[in-house]
Amino acid sequence: MQTYNKHIRVVELFAGVGGFRIGLEGASDAFDTIWNNQWEPSTVHQDASIVYKARFGVRGHSNKDINTVATEDIPDHDLLVGGFPCQDYSVAASLSRSGGIEGKKGVLWWQIYRILKEKADKRPSYIFFENVDRLLNSPATQRGRDFAIILASLSDLGYMVEWRIINAADYGMPQRRRRTYIVGYRKESAVARQIETMPDWVKYEGVLAKAFPFEPKNGTLSQFVIEGSIPEVSAEFNKGRKESPFGNAGLMVDREVYSVDAVPVYKGPCQTLGGNLVNEELVPEEFFIPEAELPKWQYEKGAKKINRTSKEGFQYVFSEGGMAFPDHLDKPSRTMITGEGGSAPSRFKHVVKTPSGRYRRLIPLELERLNMFPDNHTCHSQVSDGRRAFLMGNALVCGIVEQIGKSLYRFIYGEEPVTSKPIYTQRDSQPMLSLDLFAEDKENIVVNVPKKKYTLEKTRHLLIGLVKKDNEDYFLDMTPTKVYYTGKTRSFPSTIALNKLYYFMPYIKGKGVRDLYLIRIARIGNKAEIHPNSCDREPRLVFDLEYMESLPEYKMLRPNIFNAYRDTVLGKVFGDE
């Protein structure tokens with residue numbers, strides 16, 4: 001629902017889990033994503049699409065290969081956004097269509113070009129893209145060619161384009177993540193009409209300069225014209241030169257380029273890795289590194305020189321410098337990559353030291369925070385912790401999009417933006433999962449099938465849950481099936497992976513735990529299911545339980561999460577022997 005009559009229709013391509021959408025909605029309620037596309041090629045399980053639909057709904061969501069989506073099926077819009085993949089953007093003259101160009105097969109930039117070109121006079125007034133920082137220097141054999149192709153093709157479609165390489169940590173955000181941001185304006189748009197001189201726009205007056213102020217680095221001014229047809233740019237641009245002519249901040253108008261290297265200027269508050277961590281007691285045991293594994297991690301993180309032999313038989317020395325181990329808590333985090341998940345020792349995964357002296361990896365919620373996503377944004381019963389880490393490694397920092405969105409809004413409407421969905425930077429060290437996220441989901445979260453013959457699986461996840469006093473008799477009567485409802489908190493510990501729930505043990509206050517149940521079904525429900533007259537329809541997590549067996553006697557093992565839950569594995573209670 002709009003808070004006022006301003007309305008910017010947004011189409012989001014290569015949407016991932018919605019980083020652009022979160023950032024823009026955090027900037028202003030005027031930004032309305034009316035259509036989006038997310039497709040992961042060669043992947044049966046479309047994790048990003050699953051998360052996107054769960055968080056934003058199915059309205060306007062497309063989970064199809066963008067190569068197969070007809071332009072007429074994409075609604076007209078005001079702003080086209082997307083983090084398109086970094087690839088080789090080379091082109092060739094088309095022999096089948098007069099005056100056409102063809103991109104290298106599978107290169108998704110050319111799908112953006114196709115959509116913009118085929119929209120013709122209905123193409124959006126504004127474009128906003130994100131890519132890796134090396135885009136301005138690729139390929140290595142022809143520095144800057146790929147970016148020149150992008151700029152020239154956008155200029156030919158009637159856009160003025162500015163860009164900037166921004167490291168999120170330089171502007172107080174919690175991750176050192178450098179990316180190229182590209183913003184374009186059709187010549188007849190409200191923003192384009194405000195461009196007077198290229199130097200002033202780039203350095204002081206433009207959308208990106210206002211969002212992220214900087215000082216130009218001396219001796220880095222570069223001015224030139226991108227000449228020739230797109231195939232000629234592809235074949236000849238900057239050929240034979242070792243350095244790209246593009247500075248990390250610039251503007252292109254009618255193929256004329258003005259650029260400089262930007263030195264960030266920022267004096268505000270700064271977020272750190274440590275400021276985005278949860279309390280140690282909430283971290284599942286599987287994220288802690290066993291002491292016996294520490295030497296492997298230290299080796300991976302350390303400096304090394306290794307003798308290697310190439311495929312051609314040449315011997316060489318591979319060397320790499322050392323990295324902080326553990327990661328510094330008083331600084332922004334290192335750049336997150338897609339391989340952040342999993343327990344195997346790795347040079348690139350983050351490792352922190354806890355107050356108790358133990359070492360651990362980051363949990364998915366903490367990875368979300370480093371990209372400034374809402375807590376539990378990727379939490380879904382069908383998406384594993386490893387895939388959640390992968391999705392965050394692919395994502396952008398939402399705070400960058402938010403600030404650019406605010407600046408763009410100001411230039412379009414000449415007033416301050418208003419939003420009902422701000423990006424919050426204060427993080428709770430004891431985060432809770434709002435069950436409202438799943439209230440509309442009618443599917444079961446997990447289904448575990450009981451076996452006629454079973455052996456206890458000691459590595460399976462065990463959830464211990466407090467039983468309230470008025471419900472203790474129900475859990476002491478030893479009937480084979482039970483139903484357990486979480487408390488009336490509309491929340492649940494964020495760090496417990498819903499899709500791993502398997503066993504359950506009720507905690508009886510003053511006694512401890514004894515009886516083991518299989519969680520046959522975990523779902524979202526409410527107390528009105530069993531007490532219709534209560535009118536209590538607040539979402540709760542509900543377990544349909546089947547009795548398995550009992551310990552010889554009660555074992556005192558207190559819940560340690562909100563004093564109501566404990567997340568562990570069965571072997572910790574029943575013994576590993």
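Values in this text are rule-based calculations from the coordinates and carry no lab data. Values in this document were obtained by computation on a predicted structure and should not be read as measured data. Cβ coordinates were reconstructed from backbone atoms using ideal geometry, including for glycine residues, and neighbour counts include every protein chain displayed.
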*Excluding residues on the same chain fewer than 8 positions from K64, give the aspartates and glutamates whose Cα lies under 17 Å from its Cα.*
E12, E40, D47, E72, D73
_Leading residue at positive end of dipole, the chain (Cβ point charges), from I464, Y185, S259_ = I464
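About its Cα centre, how strong a charge dipole does the chain have in debye, to the nearest 20, once Lys and Arg get +1 and Asp and Glu get -1 at the Cβ? Kindly include the intermediate steps, with their values, before the conclusion.
Numbers: 79 positive and 73 negative charges, 213 e Å.
That gives the chain a dipole magnitude of about 1020 debye.
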*Starting from the coordinates of the alpha-carbon atoms of the stretch 355-444, obtain the Kirkwood hydrodynamic radius over all distinct pairs and give the value in Å to one decimal.*
15.6 Å
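Work through the residues other than E553 whose Cβ is under 10 Å from its Cβ and net out their charges, Lys, Arg +1 and Asp, Glu -1.
Numbers: positive: K511, R514, K555; negative: none.
In short, +3.
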*By a straight-distance test (C-alpha under 18 Å), which aspartates and glutamates pair with K331 as possible cross-link partners, with residues fewer than eight away in the same chain excluded?*
D170, E366, E368
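Would you mind putting 305-318, 459-472 in packing order, based on average other-beta-carbon counts within 10 Å, highest first?
On the way: 305-318: 7.9, 459-472: 16.5.
So the peptides 305-318, 459-472, ranked by packing, come out 459-472, 305-318.
Let me spell out the model: positive unit charges on the Cβ of Lys and Arg, negative unit charges on the Cβ of Asp and Glu, origin at the Cα centre of the stretch 435-574. What dipole size does that give, in debye rounded to 20?
Working: 24 positive and 18 negative charges, 90 e Å.
For the stretch 435-574, the charge dipole is close to 440 debye.
Where Lys and Arg each count +1 and Asp and Glu each count -1, what net charge lies around A192 among other residues with Cβ under 12 Å from its Cβ?
Working: positive: R186, K187, R193; negative: E162, E188, E196, D254.
Taking every other residue near A192 into account, the sum is -1.
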*What net charge is computed for the residues neighbouring D121, neighbours being all others with C-beta under 13 Å from the C-beta of D121, Lys and Arg scored +1, Asp and Glu -1?*
+3
*Entry for Cα extents along the principal axes in Å (calculated from the structure that is shown) out of (1) 83, 65, 51; (2) 195, 58, 41; (3) 100, 56, 54*: (1)
*Where in the chain are the helices, taken as whole DSSP H runs, whose Cα atoms extend 15 angstrom or more along the long axis and whose Kyte-Doolittle mean reaches at least -1.0?*
109-119, 145-156, 398-413
_Please list 3J(HN,Hα) in residue order for the stretch 36-41, calculated via the Karplus relation 6.51 cos²θ - 1.76 cosθ + 1.60 where θ = phi - 60°; whole Hz, with x for glycine and proline._
8, 10, 9, 9, 9, x
*State the Kirkwood hydrodynamic radius of the stretch 258-356 in Å, one decimal place, computed from all pairs of distinct Cα atoms.*
16.8 Å
*How many lysine pairs in the stretch 106-241, separated by 8 or more positions in sequence or lying on different chains, have Cα atoms less than 22 Å apart?*
6
